[in-house]
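Below is one structure, written out as structure tokens, with a few remarks after it.
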Amino acid sequence: MTDARLADLAVRLPNLRLLTDPADLEHYGRDWTRRWTPAPLAIALPTELMDVQTIVRWANEHGVAIVPSGGRTGLSGGAVAAHGELVLSLERMNRVLGFDAVDRTLSVQAGMTLLAVHEAAKEHGLIYPVDFAARGSCSIGGNIATNAGGIRVIRYGNTREWIAGLTVVAGNGELLQLNRGLIKNSSGYDLRQLLIGSEGTLGVVVEATLRLTDPPPPSQVMLLALPTMDALMEVFALFRSRLALQAFEFFTDVALRHVLAHGAQRAIDGDHPYYVVTEFDADESSQDAALAAFELGVERSWISDGVMAQSEAQAAALWRLREGITESLAPHRPYKNDISLRISALPVFLHEIQSLLGSEYPHFEVVWFGHIGDGNLHINVLRPAELSESDFITQCEHVTKLLAETLQRHGGSISAEHGIGLVKRAYLGSTRSEAEIALMRGVRGVFDPKGVLNPGKLFA
Ligand code: 2HG
Ligand code: ZN
């Protein structure tokens, strides 16, 4: 080991797995953004909680920056290591620590994938309800660091709602047990909630106690084709008033074209500009309610066509049309926006933003989709093959500035669920006031006085 700092770490933790091979640096130094060239110092893969604490203390002593790392499926650059940082990967800390049937909690190490958490909950006849397409690769620690949302927020809320306790190594090296699984705890600042969504800038989440719940009743999945953007919000209001929704997701014909080209099966014939995939509780009466809502939507010209899944396989095929979008767009190196608005602000905002994007991006393909029932839109702009990546990003950033101003006017957020990371830090001020940002910086200084954890993320 030629680097003296790494040699010292190896002395402190002789059993620690430390990788410095160029292929490993490349693999662990990037997330799904692919915008930055990975250049970490090394990758540490601890297996013990105490090792994480030793690593953070070592980083403080040597002034080495740490990038906490989960499944690196993030889309905002939060887990990128491009400046000689130590990547602290939790991937070998991926065990279930315990299940408590009375508390209905599952305690896990932070490196477990979301899918493994789902499977562990299922073994006990319960569910951990946060869910999204990256479930097989993302880690629960990363979900906590970004307060991940996904496709069931409309029913269950964000990750934040499901965290009963956290074990964290703060930036100053202190080990913190936050909230310890309590339901009620009125004893001052809730540091657990402060850590959730802090993007690795306050502490490294090492373990979590997750709340579980009963599985939902059997559900139905429906795909709807809609003629206009306005119809989208009308159909949402109609379905929400008549059915117990588990999901209400939308995408455009452009998104559909990509996902079909990527191998998904067409489910509705003809050309329609907008589509909705919705899932709702299905008993005898809700079947009738769904049909009645559908018919009313058709009568009012809000719905042009629709299919109701007749089997689990068909339900999965309908979901693939929505969940396969990100993967189908990846080869086009999209520039991503992940914005959030109050649902009540959406109709006016959607019109404004449609005309803004139409005038600013006439030559780019723009793909709209997302969790419209939560007020969360994903706008992906595709890079034309002839344009260099840096020119493309410069043009997109100009438009994002305008988008951020529009969001600010409507009281929205520049990041709904992906986090700020590196990608959106220039726009944080459109969502958070100066006073708020100053307090956030102050909090960071308390948890991590030397600024060793994920420097450059969240704040410029
Ligand atoms: C989704 O909702 C994910 O599918 C990814 O949040 C969104 O690729 C995106 O922009
Ligand atoms: Zn999403």
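Okay, here's what the table says:
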item: Where labels lie 7 Å past Cα in the beta-carbon direction, separation of Arg432 and Asp271 in nm; result: 4.5
item: Debye intensity ratio I(q)/I(0), log10, region 167-285, q values 0.09, 0.14, 0.16 Å⁻¹ (C-alpha model); result: -0.51, -0.83, -0.86
item: D_trans [Stokes-Einstein, Kirkwood Rh over alpha-carbon pairs] for region 266-322, 37 °C, 0.692 mPa s, µm² s⁻¹; result: 263
item: Gained length - Ser285 relative to Ser388, 0.36 nm times residue gap less alpha-carbon distance; result: 31.6 nm
item: Accessible area in the full protein assembly, largest first, 1.4 Å probe, for Trp368, Trp302; result: Trp302, Trp368
item: Rg and Dmax [Cα atoms of region 333-418; Å; Rg one decimal, Dmax integer]; result: 12.6, 40
item: Model label zone, Asp103; criterion: amide N under 15 Å from point 7 Å along Cα-to-beta-carbon; scope region 188-221; result: 192, 207-213
item: Subset of Lys424/Lys450; Lys401/Lys457; Lys184/Lys450 violating a 28 Å alpha-carbon distance limit; result: Lys184/Lys450
item: Inter-centroid distance (Cα atoms) of region 379-414 relative to region 264-295, Å; result: 32
item: Loop-located GluC sites (Glu not before Pro) in region 143-230 whose Cβ has at most 15 other Cβ within 10 Å (DSSP); result: Glu174
item: Cα gyration tensor, region 206-365 - rounded (a/c under 1.5), prolate or oblate; result: rounded
item: FRET efficiency estimate (nearest 0.05) - Cβ-Cβ, Glu352 to Lys401, R0 22 angstrom; result: 0.90
item: Selection from Gly29, Leu86, Ala10 lying farthest towards where the dipole of region 4-90 points positive, charges on Cβ; result: Gly29
item: Per-selection Rg to Rh, region 96-211 - Cα, Kirkwood hydrodynamic radius; result: 0.94
item: Length-normalised contact order for the chain - Cα pairs under 8 Å, 6+ apart - percent; result: 16
item: Debye intensity ratio I(q)/I(0), log10, region 373-460, q values 0.24, 0.25 Å⁻¹ (C-alpha model); result: -1.26, -1.31
item: Among beta bridges that DSSP assigns inside region 301-460, antiparallel share in %, nearest 5; result: 95
item: Virtual spin-label span in nm between Ala237 and Gln193, 7 Å along Cα→Cβ; result: 3.1
item: Accessible-area composition of the chain, carbon plus sulfur, in percent [1.4 Å probe]; result: 51
item: Hypothetical label at Gln408: residues of region 421-460 whose amide nitrogen lies under 13 Å (7 Å Cα-Cβ projection); result: 426-435
item: Ellipsoid equivalent to the chain - semi-axes via the Cα gyration tensor, in Å; result: 38, 26, 20
item: Cα convex hull of region 4-90 - mean projected area over all directions, nm²; result: 5.2
item: Modelled FRET efficiency - R0 51 Å, Arg300 with Arg34, Cβ distances, 0.05 increments; result: 0.70
item: For the chain: accessible area per residue (Å², 1.4 Å); result: 42
item: Additional length obtainable on full extension of the chain from Arg180 to Ala345, 0.36 nm per residue less Cα span; result: 55.6 nm
item: Kirkwood Rh, Cα atoms: Rg over Rh of region 237-276; result: 1.06
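The values are calculated or read from the model by the stated rules, or taken from the named source; none is laboratory data. Since the structure is predicted, the reported quantities are computational estimates derived from the model, not experimental observations. Ideal geometry is used to build each Cβ from the backbone, glycine not excepted, and the neighbour counts take in all protein chains shown. SASA here: full protein model, heavy atoms, side chains in, ligands and nucleic acids out. Shrake-Rupley method; radii C 1.70, N 1.55, O 1.52, S 1.80 Å.
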